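S.K.: I have a structure here, written as structure tokens, and I will follow up with some questions on it.
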Amino acid sequence: MIKSNTYEKICHQIAHSIKKLVNDSEFSVLGLATGSTPIGIYEQLRKMDVDFKKTLTYNLDEYVGLDESHPQSYKYFMNEHLFKHRKFHSNHFPDEKLFPYYDSMIDNSDGIDIQILGIGTNGHIAFNEPGTPRDSKTHIVDLTENTIKDNSRFFDSIDEVPTQARTMGIDTIMRSKEIYLIARGKHKKEILEEAIYGNITPEIPASFLQEHRNLKVYYSD
Ligand code: PGA
């Protein structure tokens, strides 16, 4: 079921769930997302009095070929929005060094407790583009023209957008204990409804989430 609310309320609610998890657990594991959707959650977390020193994070994805000093790299993004403000036990990305071990690292951390997810206008989750199989693990992908175009708004020109990324696979994401899927903006409404209420198909990778036992779906205009 899709719950509609204001963006602020959605972010507030999710940030509180994260706070509760972290406060109630000896050790916790977060799966984090980048892009415009989760910014408000990180803003809320920065304001909260939470100690993340026993919290590990695994980000969903990272571009291939962008150094972490590049303002559009996801390491840079996470640093700006959260990590330079709050000290965690450790923060991981599926970069060149870690991506072959990413799924086993997550398993060895006893899995992701809360995974935050956005959705692309083509139905992708993380960088799992249409056609990605259900059993995919962390892998390298060629970004579709649609995604390159969508993400070009963050770059000076479309030619600067990387054409490849490393991403958690669908299976990696589905193994998370709890998933918060958030779509923000009218341009995401149709694809969100198709993903949640339509057929489950690799053509809409987010549709696989219907099979998750602990999925919460939010929409804001
Ligand atoms: P956005 O991206 O949050 O920047 O809209 C979401 C996505 O493409 O997964």
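The values are calculated or read from the model by the stated rules, or taken from the named source; none is laboratory data. Predicted model, so just to flag it, every value in this text is computed and none were measured. Here the Cβ is made from the backbone with ideal geometry for all residues, glycine too, and neighbour counts use every protein chain on show. Side chains included, ligands, DNA and RNA excluded: accessible areas come from the protein's heavy atoms. Shrake-Rupley method; radii C 1.70, N 1.55, O 1.52, S 1.80 Å.
S.K.: Test of the criteria: in region 142-182, which trypsin sites (Lys or Arg not before Pro) are in a DSSP loop and have at most 16 other Cβ atoms within 10 angstrom of their Cβ?
M.R.: Here the trypsin sites (Lys or Arg not before Pro) that fit, given the DSSP loop and packing criteria, are Lys177.
S.K.: Report the Stokes-Einstein translational diffusion coefficient (µm² s⁻¹, integer) for region 1-45, Rh taken as the Kirkwood radius over Cα pairs, at 25 °C with viscosity 0.890 mPa s. Can you show the working numbers first?
M.R.: Working: Rh = 11.5 Å.
The diffusion coefficient I find is 214 µm²/s.
S.K.: Another question, then. Among the listed pairs Lys9/Lys186; Lys47/Lys149; Lys137/Lys189; Lys87/Lys188, give every one whose C-alpha distance is greater than 25 Å.
M.R.: Over 25 Å apart, Cα to Cα: Lys47/Lys149; Lys137/Lys189; Lys87/Lys188.
S.K.: With both partners inside the chain, how many of the DSSP beta bridges are antiparallel, as a percent to the nearest 5?
M.R.: DSSP beta bridges in the chain are roughly 25 percent antiparallel.
S.K.: From the convex hull of the Cα coordinates of region 64-138, what is the mean projected area in square nanometres? If you can, show how the numbers build up before the last one.
M.R.: Values: hull surface 25.2 nm².
One quarter of the hull surface, i.e. the mean projection, equals 6.3 nm².
S.K.: Still on this structure, please answer the following. Given an 8 Å cut-off on Cα distances and at least 6 residues of separation, report the relative contact order of the chain as a percent.
M.R.: This gives 25 percent for the chain.
S.K.: Calculate, axis by axis, the spread of Cα positions in the chain along the three principal axes, and write the results as whole Å, longest axis first.
M.R.: The Cα atoms of the chain stretch 41, 39, 32 Å along their principal axes.
S.K.: Using only the alpha-carbon atoms of region 86-186, report the extent along each of the three principal axes, biggest first, to the nearest angstrom.
M.R.: The principal-axis extents, from largest down, are 39, 34, 31 Å.
S.K.: Let me ask something else about it. Accessible area per residue of region 57-136 at 1.4 Å probe, in Å²?
M.R.: 42 Å²
S.K.: So, one more: Considering only protein heavy atoms and a 1.4 Å probe, what is the carbon-and-sulfur percentage of the accessible area of the chain?
M.R.: Solvent-exposed carbon and sulfur of the chain make up 46 percent of the total.
S.K.: Over region 171-221, consider all pairs of different Cα atoms and compute the Kirkwood hydrodynamic radius from their mean reciprocal separation; express it in Å, one decimal.
M.R.: Values: mean 1/r = 0.0887 Å⁻¹.
The answer is 11.3 Å.
S.K.: In region 1-123, what is the volume of the convex hull around the alpha carbon atoms, normalised per residue and reported in Å³?
M.R.: 129 Å³
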